[in-house]
Amino acid sequence: MKARCSVKTDKKEIAVTFDDGPHSEKTPAILDILKKYNIKAAFFCIGTNIAGNEEILKRIHNEGHIVGNHTFTHSTWFDLLSIRKMTQDLQKAEELILSVTGKRVRFFRPPYGVTNPMLAKAIKKMKYDVIGWNIRSLDTVKNNREQVVQKVINRIKPGSVILLHDRCVDSELVVNDLAKYAVEQGYTFVRPDILFNLRPYD
């Protein structure tokens, strides 16, 4: 199991991904920005955050974005679970996403980006493609919007995958700034399935 984090390409194509949603306020605001710039993204959703936000998840899907599995619990100890318990957690999130979107996910991102042999076996059992990143914004650590934006801008190159979170204080403002910059520089945002030439759903 190897995470796909970027591609080598001369095309000025990049992907933006969001972890930890859906969030009742931030995710809709981000979706508005993405629609404004005609950007399609990937949202790696946590099962426990879907409850009560089903309409937001449905909107993510209906507006052409990819939904991925980010586990049901996003437990700090997820990577220490048995293969059976990991698989149960993943299946629970997958079934919830399926019940809302009508699609069975193929994309997975592990909590905190941490993987180990046990998780690799669970991922293989679930037949997931793991999507990583090569640009970490540190938006959950830095409280300075300008610093977050600059950190991403400094590393953007063709084939990059950007990691953001749709739960931070300035999430939608960061997205707007990055979208504006990237478009001005001639970049096109594409979904990870297009960037990596993968099938997004079963």
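The values are calculated or read from the model by the stated rules, or taken from the named source; none is laboratory data. This is a predicted model, so every value here is computed, not measured. Because the Cβ atoms are built from the backbone with ideal geometry, glycine has one as well, and the counts that use them run over all protein chains shown. Only protein heavy atoms, including side chains, enter the accessible area calculation; ligands, DNA and RNA are left aside. Shrake-Rupley method; radii C 1.70, N 1.55, O 1.52, S 1.80 Å.
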Once both label points are put 7 Å beyond Cα along the C-beta direction, the residue 58-residue 104 separation in nm becomes 2.3
Relative to the longest principal Cα axis of the chain, at what angle does helix 171-184 sit, 0 to 90 degrees, rounded to 10?
50
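What percent do you get for the relative contact order of the range 92-199 when only Cα pairs under 8 Å and 6+ apart count?
Details: 87 pairs, mean separation 22.1, N = 108.
The normalised contact order for the range 92-199 reaches 20 percent.
Counting only protein heavy atoms and using a 1.4 Å probe, what share of the accessible area of the range 116-194 belongs to carbon plus sulfur, as a whole percent? Please report the intermediate quantities before stating the final value.
Details: 1900 of 3880 Å².
Within the range 116-194, the accessible surface is 49 percent carbon and sulfur.
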So what's the gap between the Cα centers of the range 1-49 and the range 175-199, to the nearest angstrom?
9
So residue 197 and residue 150, fully extended at 0.36 nm per residue minus their Cα-Cα distance, gain in nm 14.0 nm
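If you roll a 1.4 Å probe over the range 44-98 with all protein chains in place, what percent of the accessible area is carbon or sulfur?
Working: 1300 of 2380 Å².
On the range 44-98, the fraction of accessible area on carbon and sulfur atoms equals 54 percent.
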Find out how many positive minus negative residues lie around residue 49, taking Lys and Arg as positive, Asp and Glu as negative, among other residues whose Cβ is under 12 Å from that of residue 49.
-2
Remind me, relative contact order of the chain in percent, using alpha carbon pairs under 8 angstrom and six or more residues apart?
35
If each residue of separation counts as 0.36 nm, what is the full-extension length gain between residue 84 and residue 48 once their alpha-carbon separation is subtracted?
11.0 nm
Under 5 Å between amide H atoms, partner at least 5 residues away or on a different chain: which partners does residue 20 have, H built in plane at 1.01 Å?
44, 46
When all alpha-carbon pairs of the range 7-126 are counted, what percent fall beyond 18 Å?
51
Give me the percent relative contact order of the range 59-108, please, defined on Cα pairs under 8 angstrom at least 6 residues apart.
43
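Accessible area per residue for the range 1-63 in Å², computed with a 1.4 Å probe and the full protein assembly in place, what is it? If you can, show how the numbers build up before the last one.
Working: 3100 Å² over 63 residues.
Accessible surface, normalised per residue, equals 49 Å².
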Lys/Arg +1, Asp/Glu -1 at C-beta; the chain dipole; positive extreme among 128, 65, 162:
128
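Using the Cα centre as the reference, give the magnitude of the dipole from point charges on the C-beta atoms of the chain (Lys, Arg: +1; Asp, Glu: -1; all else neutral), rounded to the nearest 20 debye. All intermediate terms of the calculation are to be shown ahead of the outcome.
Working: 32 positive and 23 negative charges, 167 e Å.
Around 800 debye, computed over the chain.
Hey, how much of the P(r) for the range 79-137 falls beyond 14 Å, as a percent of Cα pairs?
On the way: 974 of 1711 pairs.
Summing the P(r) tail past 14 Å for the range 79-137 gives 57 percent.
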